[in-house]
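The structure appears right after this line, and notes come after that.
The values are calculated or read from the model by the stated rules, or taken from the named source; none is laboratory data. All values reported here derive from a predicted model rather than from experimental measurement. Using ideal geometry, Cβ is built from the backbone for each residue, glycine included, and neighbour counts are taken over all protein chains shown. Keep in mind that these areas ignore ligands, DNA and RNA; they rest on the heavy atoms of the full protein, side chains included. Shrake-Rupley method; radii C 1.70, N 1.55, O 1.52, S 1.80 Å.
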Amino acid sequence: MKPIRLHIDKKSLRILQLGLPFVLAALIYTVYYLLGAESGSYYIIMNIGKQLLEHAMMSLTLLVGGALLFDYAIKRNGKDNS
C-alpha cells in the first residue's frame, strides 16, 4: 500500500506554524485552570472550563480550515511554488 503524501503550500504551513502556538497556549491554560481550581463550586468551574475548551477547539478549527482554504486557493490559481 502506497503511503499518502500531502503537498501543502509553504505559505499555508506558515499560517499553521504561526497560529498553533496560540491554540496550544489556550489548551495549556485550560488544563491549568481546571487542575488549579478549588473544589467548591463544581458547576461554575466546569462551565468555565467547557467554554475555554470550546473556544480553543473553535480556534483550532478556524486555523486549520483557513490554512486549507488558502492552500486550495493558491493551487487553484496555479501559483503553487512549493
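Projecting the Cα atoms of 43, 58, 8 onto the charge dipole of the chain, computed from C-beta unit charges around the Cα centre, puts 8 farthest toward the positive end. Dipole magnitude for the chain: about 580 debye, using +1 per Lys or Arg Cβ and -1 per Asp or Glu Cβ, origin at the Cα centre. With the contact rule set at Cα under 8 Å and sequence spacing of 6 or more, what percent relative contact order holds for the chain? It comes to 51 percent, rounded to a whole number. Taking all protein chains as shown and a probe of 1.4 angstrom, residue 55 keeps an accessible surface of around 100 Å². In terms of accessible area, using a 1.4 Å probe and ignoring ligands and nucleic acids, 43, 33, 72 rank largest first as 43, 72, 33.
Placing 57, 1 in order of accessible area, with the largest value first and a 1.4 Å probe, yields 1, 57.
Relative to the first principal axis of the alpha-carbon coordinates of the chain, what is the inclination of helix 42-76, with its axis defined by its Cα atoms, in degrees from 0 to 90 and to the nearest 10? For 42-76 against the chain, the angle is about 10 degrees. Once you have a ≥ b ≥ c as the square roots of the Cα gyration tensor eigenvalues for segment 18-64, tell me rounded if a/c is under 1.5, and otherwise prolate or oblate according to whether a/b is larger than b/c. Oblate, since a/c reaches 1.5 and b/c is not below a/b. Our helix-only sum for the chain, with -39,500 (n - 2.57) per DSSP H run of n ≥ 4 divided by its residues, gives a mean residue ellipticity at 222 nm of -27500 deg cm²/dmol.
Give the shape of the chain as rounded, prolate or oblate, defined through the alpha-carbon gyration tensor: a ≥ b ≥ c are the square roots of its eigenvalues, a/c under 1.5 means rounded, and otherwise the shape is prolate if a/b is larger than b/c and oblate if not.
Note, shape of the chain comes out prolate.
Solvent-accessible area per residue in the chain equals 85 Å², computed with a 1.4 angstrom probe and all protein chains kept.
Test of the criteria: in segment 17-82, which trypsin sites (Lys or Arg not before Pro) are in a DSSP loop and have at most 12 other Cβ atoms within 10 angstrom of their Cβ? Each step should come with its number before you reach the end.
Numbers: sites: 50, 75, 76, 79; in loops: 79.
Sparse-neighbourhood loop trypsin sites (Lys or Arg not before Pro): 79.
Where does helix 10-36 land angle-wise versus the long Cα axis of the chain, in degrees 0 to 90, nearest 10? Tilt relative to the chain: about 10 degrees.
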